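Below is one structure, written out as structure tokens; the observations come after it.
Every number here is computed from the coordinates shown, using simple stated rules; none is lab data. Quantities reported herein were computed from a predicted structural model and do not represent experimental measurements. Here the Cβ positions follow ideal geometry from the backbone for every residue, glycine too, while neighbour counts run over all protein chains shown.
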Amino acid sequence: MRLQVRFAKHEDARFLSHLDLLAALEFAVRRARLPVELSAGFNPRPKVTLAAALPLGYIGRAEILEIVLRDEVPILDVVRRLQATLPNGVEITDAHEIAPGKSLGSRLRSAHYTVHLPAPVPDLTDRVERLLASDIADVEEHRQEGLRRRNVRPLLAELEAVRPTEVRMVVDLSDGSSVRPEQVLQLMGIPTDGICITRDRVDLS
């Protein structure tokens, strides 16, 4: 039985890192006594998978979790038992059974974000338009092999200044690459101190 669970990571849980969140979800599945299937190998792990990492400090409105169970369990029973064991600030919003198929990561298509700024940026619309008009938007990233520069402009599917303190964006994830909202703000010359980032949803194929 393969389940797709949508959940929210609210303000109370925003400072859980991706690894902490995954560990909390795996622990919740065990505490709920769900018959989760284990991976093969010397170190079997529960088949519990998150669609995309949600960084420390982010809020998530509709994160996606997949769980593979050995036996059939009523969906409402899964939701009830799992919600009772989740940490504060993590709330299940939907669950349904899905057919076996491609891995969750290979089905990622895009991520939708809303960024709230601590102070108004009067020319925010102009900054957004300049970035969208560019063919190249390079970011520098520190990697083990050294400093890497890459063009992230093709990953920006949508970018909108909603108001002087709010930006919305859609990031293309279909080729396995991504760009963080903080990097997009830096490309527009906007400081990232004090911002609040919410991932509104993740789209799958």
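How big, on average over all directions, is the shadow cast by the Cα convex hull of the stretch 2-101, in nm²? Before the final figure, lay out the partial values.
Details: hull surface 24.7 nm².
Averaged projected area of the stretch 2-101's Cα convex hull equals 6.2 nm².
Which Rg and Dmax, in Å, describe the Cα atoms of the stretch 142-196?
In Å, with Rg to one decimal and Dmax whole: 12.6, 40.
Per-residue HN-Hα couplings for the stretch 104-119, Karplus 6.51 cos²θ - 1.76 cosθ + 1.60 at θ = phi - 60°, whole Hz, x for Gly and Pro?
4, x, 6, 9, 5, 10, 7, 10, 10, 10, 10, 10, 9, 8, x, 9
What are the ³J(HN,Hα) values, in whole Hz, obtained from phi via the Karplus relation 6.51 cos²θ - 1.76 cosθ + 1.60 with θ = phi - 60°, for each residue of the stretch 81-92 in sequence order, with x given for Gly and Pro?
5, 6, 4, 5, 10, 7, x, 4, x, 10, 10, 6
So what is the orientation-averaged projected area of the stretch 97-161, using the convex hull of its C-alpha atoms, in nm²? All intermediate terms of the calculation are to be shown ahead of the outcome.
On the way: hull surface 31.8 nm².
Seen from a random direction, the Cα hull of the stretch 97-161 projects 7.9 nm² on average.
Taking all pairs of different Cα atoms in the chain, averaging 1/r and flipping that mean, what Kirkwood radius in angstroms comes out? Don't jump to the answer; show the numbers that get you there.
On the way: mean 1/r = 0.0539 Å⁻¹.
It is 18.5 Å.
Using the number of other C-beta atoms within 10 angstrom as an exposure proxy, rank Phe27, Phe7, Phe42 with the fewest first. All intermediate terms of the calculation are to be shown ahead of the outcome.
Numbers: Phe27 15, Phe7 24, Phe42 4.
In increasing order of surrounding Cβ atoms, one gets Phe42, Phe27, Phe7.
Divide, for the stretch 107-204, the radius of gyration over alpha carbons by 2.2 N^0.38 Å, where N is the residue count. Provide the component values of the computation, followed by the final result.
On the way: Rg = 13.3 Å, N = 98, 2.2 N^0.38 = 12.6 Å.
In units of the globular-protein estimate, the stretch 107-204 measures up at 1.06.
Return a whole-number percent for the relative contact order of the stretch 1-146, with Cα pairs under 8 Å and 6 or more residues apart as the contact set.
Numbers: 188 pairs, mean separation 50.8, N = 146.
Reported relative contact order: 35 percent.
So what's the gap between the Cα centers of the stretch 92-157 and the stretch 160-205, to the nearest angstrom?
Spelled out, the Cα-based centre of one part sits 5 Å from the other.
Place the peptides 155-162, 63-70, 94-101 in order of packing, highest mean first, counting for every residue the other Cβ atoms within 10 Å and averaging per peptide. List each step's numbers first, then the result.
Working: 155-162: 16.5, 63-70: 19.0, 94-101: 10.6.
By packing density, highest mean first, the sequence is 63-70, 155-162, 94-101.
So what is the orientation-averaged projected area of the stretch 31-88, using the convex hull of its C-alpha atoms, in nm²?
The number I arrive at for the stretch 31-88 is 5.3 nm².
Nearest 5 percent is fine: what portion of the DSSP beta bridges confined to the chain is antiparallel? Could you put the intermediate results ahead of the total?
On the way: 47 of 49 bridges.
Antiparallel bridges make up about 95 percent of those DSSP assigns within the chain.
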